[in-house]
Structures are given as C-alpha cells and as structure tokens.
1. Compute the relative contact order of segment 106-171 as a whole-number percentage, counting only Cα pairs closer than 8 Å that sit 6 or more residues apart in sequence.
2. Give a residue-ordered list of calculated ³J(HN,Hα) values for segment 73-79 (Karplus: 6.51 cos²θ - 1.76 cosθ + 1.60, θ = phi - 60°; whole Hz; x for Gly, Pro).
3. Distance between the C-alpha centers of segment 118-145 and segment 1-61? Whole Å please.
4. For segment 39-51, just list the computed ³J(HN,Hα) in residue order, Karplus coefficients 6.51, -1.76 and 1.60, θ = phi - 60°, integers in Hz, with x standing in for Gly and Pro.
5. Can you give the relative contact order of segment 61-146 as a percent, counting alpha carbon pairs under 8 Å and 6+ residues apart?
6. I'd like to know which of THR189, LEU50, SER74 lies farthest towards the positive end of the charge dipole of segment 5-213, counting +1 on Cβ of Lys and Arg and -1 on Cβ of Asp and Glu.
7. Taking H as built 1.01 Å from N, whose amide H comes closer than 5 Å to the amide H of THR54, not counting residues under 5 places away?
8. Counting only residues 5 or more places away or on other chains, whose amide H sits under 5 Å from the amide H of THR172 once H atoms are built in the peptide plane?
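Read the figures in this text as sums done on the coordinates, not as results from a lab. What you see is a predicted model, and the numbers here were worked out from it, not measured in a lab. In this analysis, Cβ positions are derived from the backbone assuming ideal geometry, glycine residues included, and neighbour counts consider all displayed protein chains.
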Amino acid sequence: MAQSYTSYFIGNSTDAQRAASGGTCLMGGGEENDNAMRWFLRRANQGDVLVLRTSGEDGYNEYLYTELGVTVNSVETIVCHDLAAASDSYVLERISKAEAIWLAGGNQATHLARWSNTLLENALRSAVAERNVAIGGTSAGMAILGGAYFSARHGTIRSADALANPYDARLTLENDPLVELPYLSEVITDSHYDDPDRRGRHLVFLARAYTDYG
C-alpha cells in the first residue's frame, strides 16, 4: 500500500520549540515575493517551517531554508497524496511542532478534498489559535484562507461567464475557510488577479457572498 504523503526535509531534525509571532502572509500566485517571504519566516522566530501541498515536490525547501537569509531551524514539505494523509499521525505531529505553516499552490478543489473537515484542518486551526503559528499561502493555498472563497470544485470560471450568470454551476463560492482568521472573516481571496483578468468575477464573488451569507 502506497504511503499517503511524501516528506522532504532540510535542516535540524531536533524540534526548535520556539514561540511563534503569528501573522498571515497572502500571496496571489506566480513568483514569490522575497520580502514578504522573509517577513513570514521571521514570524517563526528561528523555529520550524512546514509547507503543505497536494502536488509538486520540494521546491520551497532550499528557497526558504538558505536563499532568503533568514535563519530557521528546519523546512519540511509534506505532499498529501490523498485524504488519508489528513489523519496520518506523522503529518499531524509535524503540524503540531511547526512555528510557521505555508500552504502551497495547486488546485484549491484538491486542497479542500484532502484537507477540509479533517484532523489536519483541526490541527491547523489549533496551531493558529492556540500557539499563534504564522500561516500563509500562495495561489490556491491563499484562496482557501479567506472568509469566503472560490473553491473551484467544478473547475475555474472566467469573469465574463461569472458576470453573465452569477449562479453558474462553476461559480462555487464557499464560506468555511480551512483556518478561521477573524481579520479575514469578511474578505474574499482570489489569486492570479491580472492574468487572466479576474476583477469581474471578484465583483460577482462579493455580490454572491453578500446575497448568500449576508
């Protein structure tokens, strides 16, 4: 039976046990902003950084550990291959020991299918609420941090189609974020904003959120 996750690790394997400084870093997609990522790493206070993803490999490890000039104890990437990873004891333990957690891009529908309403989701919420862990994400990882967000469960939707029919079956708007962040409770997160132009669909998301959720 194949393992439900793959781990890529760099750094010191001894848990740093630092007090995190909290905070949220939202990145729209495309190339990472180095200064924003440095800010995010500093919130870990030289602790352990965990990257969660549902596709890809270890592209963040060297970048976060050595290339930005911010000292952290370790960087680990865990790729969750299926739903079983969200209840795996190792994955949950790594979340419980991280001082900063980054949600990589990919497909937010896949993220939600493998993480939402799981022990992993509970662990993330506890990490932020109880240990003040810094959290952030890019692209799909950012999208699911908003109080309302486009889940893409039926594929993407372009601005023209969203404006033509705000209740198009592809316009799947949800308000159950992976992590409850009070300052984002009334924020809609959308990524890759200019390519393609997503301003139109964002207006529709706002209207739908107001109509559906008040």
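1. After rounding, I find 33 percent.
2. 3J(HN,Hα) across segment 73-79, in whole Hz: 6, 6, 10, 10, 9, 10, 9.
3. 12
4. With coefficients 6.51, -1.76 and 1.60, one gets 4, 4, 5, 5, 5, 7, 6, 6, x, 9, 10, 10, 10 Hz.
5. It rounds to 32 percent for segment 61-146.
6. THR189
7. Correct list: CYS80.
8. It is SER151, ALA152, ARG153, HIS154, by chain and number.
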